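Take a look at the structure below.
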Amino acid sequence: MDFESTETMREMQARLTAFMKAHIYPAEATFARHFATTETPFRTPGFYEDLKREARDAGLWNLFRPKAHGGSLTNLEYAPLAEIMGRVWWAPEIFNCNAPDTGNMETLMLYGSDIQKDRWLMPLLAGEIRSGFAMTEPDVASSDATNIRTEIRRDGDDYVVTGRKWYTTGGMRDSCAVFIVMGKSDPENPDRHRQQSMILLPRDAPGVTILRHVTTFGYADAPFGEAEIAFDGVRVPAENLLLGEGRGFEIAQGRLGPGRIHHCMRLVGAAQRALDLMIARADSRETFGRRLSQHQSVREDIAKSWCEIEQARLLTLKAAAKIDRDGARAAKDLISAIKIVAPMMAQTVIDRAIQVHGGAGLTQDTPLAELFNYARQIRFADGPDQVHMMALGRQLVRAQQDGRG
């Protein structure tokens, strides 16, 4: 399998890398200072919008957009760009390539009506609004999404939404205009995967209450923010339903396949940044009369990290190529595999880098602690490790039983 980039893609990667060096890395200190002191952490700061304008002017906007929906890149072609952006955890938004907006935009491209696209997709593509994806709930084990309790009930020409969600990324932002909400529209359906639907719900609709901001490891994830939200009899037009009643899981699977490629390649980028920092630190600090890079244990950590990053990178590229060639359903084994491998790999590599940096690795003086936080989050987001292992194991056993293994 050939993963070599074309000349066009090498040029795109070079342009993005140059933009990161010229604009993003120099802004890391500004970003940290702003969000450490601001009284409005979920309002997009001016310098952030300036960076977005620079990215748009440089032709580095909506890079994720699939070829089938007006973009210019395949999943395999986009994957190395996601890796480059992932070296700074907040950078993808500068290019309008951040979760959950990319997933929500792809959902609207795939399943949205013309009315829904005009109202929500076009402003999202323009970066004029942000969005949230409300699936996980605090009162049930959401690793089994059939457990969700949020009610989506038909009432005349409307649907009425009642329930509670949390970890709705982006829900805290003042620019968040819409949620895609997954809930139960047919709780008595004997097919547990046909009970759920997804609906577009404006953030400013009556009955929507942001209960609190949920931090992870104490990090605010500003300006995105993880919201816990109550939907108290929120009434929205029936035309806001996506695709049709009972098709929530169908939408989720279509949404999450490419999104997992994006997450995993961003994590590869985060791990690569951590390894680069680890090597630089090891070659510049001395203990017991010699550089850290001369200690056998440090050399082993560097070597293991390089191998693990390369393995995860190649596996994710293989999954991306399979999606491009045969579709997300045919690539489900590989998608589960990368979701198991990449976040744990990144967490492990970043942890080693923190150890080599000593106390500094725990502070805001390096990006490592927040990259670690990101990697640990993604071991839950888009399905926890255990669910992907369970699914992959089941699929492999069935393939063996069917004579395909």
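The values are calculated or read from the model by the stated rules, or taken from the named source; none is laboratory data. Because the structure is a prediction, the values reported are computed rather than measured. In this analysis, Cβ positions are derived from the backbone assuming ideal geometry, glycine residues included, and neighbour counts consider all displayed protein chains.
One residue stands out in the stretch 127-147 among those that are aliphatic (A, V, I, L, M), in contact with a helix residue (DSSP H, G or I) (Cβ under 9 Å, 6 or more places away or on another chain) and buried (at least 20 other Cβ atoms within 10 Å of the Cβ): the one that is modelled with the highest pLDDT, namely M135. Residue check: is F224 surrounded by 16 or more Cβ atoms within 10 Å (Cβ to Cβ), in contact with a Ser or Thr (Cβ under 7 Å, 6 or more places away or on another chain) and either at pLDDT below 95 or assigned to a loop (DSSP other than H, G, I, E, B) (or both)? The answer is yes for F224. If the condition is being small (G, A, S) and out of contact with any Pro (no Cβ under 9 Å at 6 or more places or on another chain), then the stretch 349-381 contributes A353, G358, G359, A360, G361, A369.
Answer with yes or no whether L241 is hydrophobic (A, V, I, L, M, F, W, C) and either over 30 Å from G327 (Cβ atoms) or in the same structural domain as E188 (by TED's automatic domain parsing) (or both). For L241, the condition - hydrophobic (A, V, I, L, M, F, W, C) and either over 30 Å from G327 (Cβ atoms) or in the same structural domain as E188 (by TED's automatic domain parsing) (or both) - is met.
Residue count for the stretch 2-17, restricted to those that are surrounded by 13 or more Cβ atoms within 10 Å (Cβ to Cβ) and either modelled with pLDDT of 95 or more or assigned to a helix (DSSP H, G or I) (or both): 6. Within the stretch 63-74, identify whether any single residue is buried (at least 19 other Cβ atoms within 10 Å of the Cβ) and among the polar types (S, T, N, Q), and answer yes or no. No, the stretch 63-74 contains no residue that is buried (at least 19 other Cβ atoms within 10 Å of the Cβ) and among the polar types (S, T, N, Q).
Only strands (runs of 3 or more DSSP E) whose full extent lies in the stretch 112-203 are considered here, and the ones with at least 3 residues that are under 19 Å from the mean Cα position of the chain (by Cα) are 130-134, 158-169, 176-184.
Here the condition is being in contact with a strand residue (DSSP E or B) (Cβ under 9 Å, 6 or more places away or on another chain) and outside any loop (DSSP other than H, G, I, E, B); of M105, M20, it holds for M105 alone.
Restricting R313, R235, R281, R273 to residues that are farther than 30 Å from R33 by Cβ, among the basic types (K, R) and not in a strand (DSSP E or B) narrows the list to R313.
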